[in-house]
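Trainee: Below is a structure I'd like to ask you about.
The values are calculated or read from the model by the stated rules, or taken from the named source; none is laboratory data. For clarity, every value in this text was computed on a predicted model and none was experimentally measured. Virtual Cβ from ideal backbone geometry, glycine too; neighbours counted across all protein chains shown. SASA here: full protein model, heavy atoms, side chains in, ligands and nucleic acids out. Shrake-Rupley method; radii C 1.70, N 1.55, O 1.52, S 1.80 Å.
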Amino acid sequence: MKHVAGVDWGSSEHAVCVLDEAGTVRARFEVAHSAAGIVELRRRLAAFGPPASLPVAIERPSGLLVDALLEAAHPVVPIHPNALKASRPRYSAAQGKSDPGDAFILADLLRTDGHRFRALRPDSDETRALSALVRTRDDLVAERVALANQLRALLDSFWPGAPMIFADVDSPITLAFLNRYPTPQSAEHLGEKRLGAFLAREGYCGRRPAAQLLERLRIAPAGLAAEAECEAKGLLVRALVSVLEPLVAQIHRLTAAVEHAVTQHCDGPIVMSFPRAGRVNAAQILAELGDDRDHFSTDEQLAAEAGVAPVTYASGKHRGVAFRYACNKRLRRALTCFADNSRHESPWAADVYRRARARGCDHPHAIRILARAWTRILWRCWHDRIPYDPARHRNALLLNAA
């Protein structure tokens, strides 16, 4: 008799439900999220036959539990949380929620609608390594941006000239300057000669002379904070600088690791061949595409997963098109970033963007339209394992001929 299992994942314990082909509950239990708990889960599932014949439905496509199930040869079927949420009214008019109840719904969805879901195919080790590097770097960049905005807002409140000296408030030279001069009072006696010595000591490689940088500081509006407030905010400036400096350094190290990893990846040359894709952006795209070509069977599926294709609502005479919220947001950010950059090198991409703006689309909408156009080409190149060749891009050739 065929069985299916559903697992409601939790941070401390997992709820498990096993059903037979008639939908009868054959087992219902919980296991701890520990080494012993995972061993216990695999042992109890083995009672229902060989692991390859017992598929397991779960809400997430990655994690230690998923890896353990795959290692045991269980077919793992990820089911999106939105699909689980939409299915609850089928089982309860009150739409109550519990971990054992969710495990039952997951198992029953796999039993009745298993043909609608795809079993997970794990990526290669190099793709998993690239994905870990890319995602962690992206998270740290988001933290850096948040801290830099906080630092800029703090300086604007009592020393508006400080963030105007150098280009970026989170650059190493700016952070070194703020660590040495955290308040307007500490920079009162800062002259051209002293600033020049500071720049030389810090290895400043900018093209602005000390006199011009000092002029930026002096022409800025003067802060009106009193002495005690300036002293307190100076401590805050140094606190934020002490967090940002190692963060910026680690992001730089991770960026180098990402660039090296994508060049060594078997699909790296394919994505990097696109105009202005670069290395980091190509790695971001590749980390979300993965290795499994069957995961995106068509370019339409890739566009929907990436959130660059809208959602259509049609009923009778009513038809509406709306922004797609449910998608892989990391993939959307990567593709829209690439699309925005590509229009500065590819005349075809620039023309697609220009025509979208001429139709009244704002910048983000026009970039998504361009990204949707690029997904057709990206999917074909990735699926056929060939780099992008402008000489084979028909629409680009027609534009150049015109």
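Trainee: Can you compute the FRET efficiency between Val321 and Ala350 using 1/(1 + (r/R0)^6), with r the Cβ-Cβ distance and R0 = 22 Å? Round to the nearest 0.05.
Mentor: With a Förster radius of 22 Å, E is 0.35.
Trainee: Could you order peptides 29-40, 318-329 by the average number of other Cβ atoms within 10 Å of their residues, highest first?
Mentor: Ranked from most to least packed, the peptides come out as 29-40, 318-329.
Trainee: With every protein chain left in place, what is the accessible area per residue of the range 263-402 in square angstrom, probe 1.4 Å?
Mentor: Per-residue accessible area for the range 263-402 comes out at 52 Å².
Trainee: I need the fraction of alpha carbon pairs in the chain separated by more than 27 Å, rounded to a whole percent.
Mentor: 65 percent
Trainee: Give me the net charge for the shell around Arg111: Cβ to Cβ below 13 angstrom, other residues only, Lys and Arg +1, Asp and Glu -1.
Mentor: 0
Trainee: Return the whole-Å distance between the Cα centroid of the range 325-402 and the Cα centroid of the range 184-214.
Mentor: So the separation of the two Cα centres works out to 44 Å.
Trainee: Another one. Beta carbons within 10 angstrom, averaged per residue: use that to sort the peptides 224-231, 74-81, 253-260, highest first.
Mentor: 74-81, 253-260, 224-231
Trainee: I want to check the label-to-label distance for Thr312 and Glu143. Put each point 7 Å from Cα in the C-beta direction and report it in nm to one decimal.
Mentor: My value for the distance between the label points is 4.4 nm.
Trainee: Assuming R0 = 41 Å, can you tell me the calculated FRET efficiency for the pair Arg380 and Ala52, based on Cβ-Cβ distance, to the nearest 0.05?
Mentor: According to the calculation, E is roughly 0.75.
Trainee: Antiparallel versus total DSSP beta bridges in the chain: what percent is that, nearest 5?
Mentor: Given both bridge residues lie in the chain, the antiparallel proportion sits at roughly 75 percent.
Trainee: Amide H of Leu120 versus every other amide H placed in the peptide plane: which residues, excluding those fewer than 5 positions away on the same chain, fall under 5 Å?
Mentor: Distant-sequence amide H within range of Leu120: Val76, Val77.
Trainee: For a paramagnetic label modelled at 7 Å from the Cα of Ala36 toward its Cβ, which residues of the range 55-88 fall within the zone defined by backbone nitrogen distances under 19 Å?
Mentor: 65
Trainee: Per residue of the range 364-380, in order, report the coupling 6.51 cos²θ - 1.76 cosθ + 1.60 (Karplus, θ = phi - 60°) as ³J(HN,Hα) in whole Hz, putting x for Gly and Pro.
Mentor: x, 5, 5, 5, 5, 5, 5, 4, 4, 5, 5, 5, 4, 6, 4, 4, 5
Trainee: For the chain, which whole percent of the accessible surface, found with a 1.4 angstrom probe, sits on carbon and sulfur atoms?
Mentor: 53 percent
Trainee: Still on this structure, please answer the following. Would you mind counting up the charge near Ser87? Only other residues with Cβ under 14 Å from its Cβ, with Lys and Arg at +1 and Asp and Glu at -1.
Mentor: Charge balance near Ser87 sits at +1.
Trainee: When you count, for each residue, the other Cβ atoms within 10 Å and take the mean per peptide, how do 380-387, 7-14, 56-63 rank with the highest first?
Mentor: Highest to lowest by the protection proxy: 56-63, 7-14, 380-387.
Trainee: For the pair Arg394/Glu229, report the inter-label distance in nm, with labels modelled 7 Å from Cα in the Cβ direction.
Mentor: 6.6 nm
Trainee: Additional query: With a 1.4 Å probe and all protein chains left in place, how much accessible area per residue does the range 1-132 have, in Å²?
Mentor: Value for the range 1-132: 51 Å² per residue.
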